[in-house]
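So the structure is just underneath, and the comments pick up after that.
The values are calculated or read from the model by the stated rules, or taken from the named source; none is laboratory data. Only a predicted model underlies this, so the values are computations on that prediction, with no experimental measurement involved. Cβ atoms come from the backbone with ideal geometry, glycine included; neighbour counts cover every protein chain shown.
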């Protein structure tokens, strides 16, 4: 197997990620943008949630702007609204609903309207004329709605003046509210015809001169008591009149809004039913968890809230939304993209033939762990989207190799130099132990102890398989490499007679179980059957158990692990997000290579759940936790009384795999494996080692560069520091090494690499 850099800048292929129908199906699963319960219940579509947020911050002007956006006369509604939003408030399930109506009163009392629209409205005045006949609250709201749409408006009424006309519409309101409403009414460009005789004769005359005519139900009753308008459209089609029933303050405001839309459609010579959209209250699919919500009653109010009391009461608002995935997943929080938006952007990214693929890095930063699917109420699988997108981008030559190259090369090393497949020393091989590449790299002594124990206590013979299951290639979207790895493993197992594979890594077990024809069990299942070895460390200890994302959905694995932990003397501290909801440590999906910052946030998320020492059953998890300074142990370290005393760097991990192969070959099969040594001394400063680990440069890479130096003698010396620098092209990268000459070799003081090719001048 090999891997080469794809010339993506010269390959312009396209392969559709999803059909539009498939995309829409996936997008529909995300309810992040579903309306809050209060917003959904409001027929006027007032953004109650946003208003509460503004009040909680003390921004009453913003709250007022949001409130009046959908209302011609906000003071009236604030005083008389029946507040259906309070009945559906999520707070009711914990204590008491938010006092929305009281807060509406505070908003109109303390907030100020934006200015500067009057002149603009004059210049945008429409040509069609509208006339209204009658009085009442519905007619008042309708006049306001029509005037806001900039239609020239005339009102015919029996009252003698505006104040009386307004009073008959708002007898429920206070004098202060009526006074404020009158001021707003005065600002509207409306022509009144007071003391009109509302009769069929007047209606006929008005209809002859106006483009659209609306009447109150009282006027309609005088004209035709049997008439029944369409309540949805607020329209009596056979008489071409805008009208309809309305009850209550909120009901009248909603009826007026529907009627105003009908006016607008008729003025455009359209049928009133044309493109109206969704009107009135709507159903919401929103699911908001009350986990962690503390009960607190409404702030007492005797009259009008003070500004501070209003802020406190609005602060009780839960700001209902679904963010279960965002709370659980550092990856989604880092990019601040909920699944629907992320999926859409990845879909668009895949569709770009030429240009910048800005979503490559975000799609590569996903751990592919599947936690999102578990915590999402609708099972939105972000991992599936990212996995498919990676494979698509690789297949079409639009995915650069750089984010995954080191991991892929490391996999090729595991399945090349470090690969080992041997049948049992005994005559038959009923089982084969497969520890996985991470266990061999981090804790080779534990792997050795496990193999020797299984060989001694399991009947039928136990073979050994050292290598990588290929999940790294699958994570990287390299389907070809994954298939090659699968073929390599299947061939090796076939030569042994297809024994049962005993896996020490839950991700390996999960991967191999997807292959046809294999029998796979976890070492934890085996240990439950044969019992713990004598070397087991059964000291009483309190630990937090971190579930591997490879065991997600595998209740049998999770249960077996917990039973073994208890048998080993562990008291398990419960944590949030455990079992199927467990977060990824940051290794999964190659996140640590594609975006180390996100990987670090994933690790921090895991560790933030408790201060207790961590017990893991994935060696990658154990390694990442230990690197963050948290006491961490692998289950098998307790089983076999072993310990990985330090965190090996990337070079040591390779040496560990080779050393394990060499040791077991010699110990069990009496075969000697000669490892090639560099024929000169290489020393490293700690700063160089830290830099190499950060830049993913191996000691073997440095050795190759220095070997090339001895052949070419090409280096540049800084006379002031005594430090020389040399380079060599290794695969797809050029590696530079900074060094000093020492007796018998070199002292490396730094190293770096890039993907630039250096061409000597002719």
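To keep it simple, each residue is scored yes or no on (1) free of Cβ contacts under 8 Å to residues at least 40 places away in the same chain; (2) under 20 Å from residue 456 (Cβ atoms); (3) crowded, with 18+ Cβ neighbours inside 10 Å.
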residue: 533; (1), (2), (3): no, yes, no
residue: 536; (1), (2), (3): no, yes, yes
residue: 554; (1), (2), (3): no, no, yes
residue: 560; (1), (2), (3): yes, no, yes
residue: 576; (1), (2), (3): yes, no, no
residue: 582; (1), (2), (3): no, no, yes
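Counting only strands (runs of 3 or more DSSP E) that sit wholly inside region 438-550, those with at least 2 residues that are closer than 30 Å to residue 578 by Cβ and not assigned by TED's automatic domain parsing to the domain that holds residue 375 are 500-503, 520-522, 541-546.
Search region 695-706 for residues being in contact with a helix residue (DSSP H, G or I) (Cβ under 9 Å, 6 or more places away or on another chain) and at negative phi, and hand back the single one that is surrounded by the most Cβ atoms within 10 Å (Cβ to Cβ). Ranking the candidates gives 697 first.
Highlighted here are the helices (runs of 4 or more DSSP H) found entirely within region 320-418 that include at least 2 residues which are surrounded by fewer than 19 Cβ atoms within 10 Å (Cβ to Cβ) and outside the structural domain of residue 596 (by TED's automatic domain parsing): 330-335, 339-351, 382-395. When the helices (runs of 4 or more DSSP H) confined to region 127-227 are screened for residues that are surrounded by fewer than 17 Cβ atoms within 10 Å (Cβ to Cβ), out of contact with any strand residue (DSSP E or B) (no Cβ under 6 Å at 6 or more places or on another chain) and in the same structural domain as residue 251 (by TED's automatic domain parsing), those reaching at least 2 such residues are found at 162-169, 175-187, 200-209, 217-223.
Tell me, yes or no, whether region 104-120 has at least one residue that is surrounded by fewer than 23 Cβ atoms within 10 Å (Cβ to Cβ), in contact (Cβ under 8 Å) with a residue 12 or more places away in the chain, part of a helix (DSSP H, G or I) and more than 43 Å from the chain's Cα centre (by Cα). Yes: one or more hits. Counting residues in region 561-579 that are within 28 Å of the chain's Cα centre (by Cα), in the same structural domain as residue 527 (by TED's automatic domain parsing) and in a helix (DSSP H, G or I) gives one or more. So, residue 729, is that one over 18 Å from residue 649 (Cα atoms), surrounded by 12 or more Cβ atoms within 10 Å (Cβ to Cβ) and in contact with a strand residue (DSSP E or B) (Cβ under 6 Å, 6 or more places away or on another chain) or not? Here the answer is no, as residue 729 does not meet what is asked. For region 23-40, a residue qualifies if it is part of a loop (DSSP other than H, G, I, E, B) and buried (at least 18 other Cβ atoms within 10 Å of the Cβ), and the qualifying residues are 30, 31, 32, 34, 35, 36. Of the residues making up region 21-61, just one is in contact with a helix residue (DSSP H, G or I) (Cβ under 6 Å, 6 or more places away or on another chain) and at positive phi, namely 58.
Reported count of residues in region 53-63, each being surrounded by fewer than 24 Cβ atoms within 10 Å (Cβ to Cβ) and in a helix (DSSP H, G or I), is 6. Please verify whether residue 638 is within 30 Å of residue 391 (Cβ to Cβ), in contact (Cβ under 8 Å) with a residue 60 or more places away in the chain and assigned to a helix (DSSP H, G or I), treating the condition exactly as stated. For residue 638, the condition - within 30 Å of residue 391 (Cβ to Cβ), in contact (Cβ under 8 Å) with a residue 60 or more places away in the chain and assigned to a helix (DSSP H, G or I) - is not met. In summary, residue 183 fulfils each of the numbered conditions (1) without any contact (Cβ under 8 Å) to a residue 12 or more places away in the chain; (2) more than 27 Å from residue 126 (Cβ to Cβ) with the single exception of condition (2).
All of 705, 748 fail the test of being touching a strand residue (DSSP E or B) at 6+ places or on another chain (Cβ under 6 Å), farther than 24 Å from residue 418 by Cα and not in a loop (DSSP other than H, G, I, E, B), apart from 748. Being surrounded by fewer than 19 Cβ atoms within 10 Å (Cβ to Cβ) and part of a helix (DSSP H, G or I) is the filter here, so list the residues in region 228-249 that pass it. 237, 238, 239, listed by residue number. Residue 709: surrounded by 12 or more Cβ atoms within 10 Å (Cβ to Cβ), outside the structural domain of residue 599 (by TED's automatic domain parsing) and under 30 Å from residue 445 (Cβ atoms), yes or no? The answer is no for residue 709. If you go through region 290-304 and keep only what is surrounded by 10 or more Cβ atoms within 10 Å (Cβ to Cβ) and more than 18 Å from residue 56 (Cα to Cα), you end up with just 290.
Yes or no, residue by residue, for (1) farther than 12 Å from residue 699 by Cα; (2) in the same structural domain as residue 619 (by TED's automatic domain parsing); (3) surrounded by fewer than 18 Cβ atoms within 10 Å (Cβ to Cβ):
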| position | (1), (2), (3) |
| --- | --- |
| 646 | yes, yes, yes |
| 654 | no, yes, no |
| 657 | yes, yes, no |
| 674 | yes, no, yes |
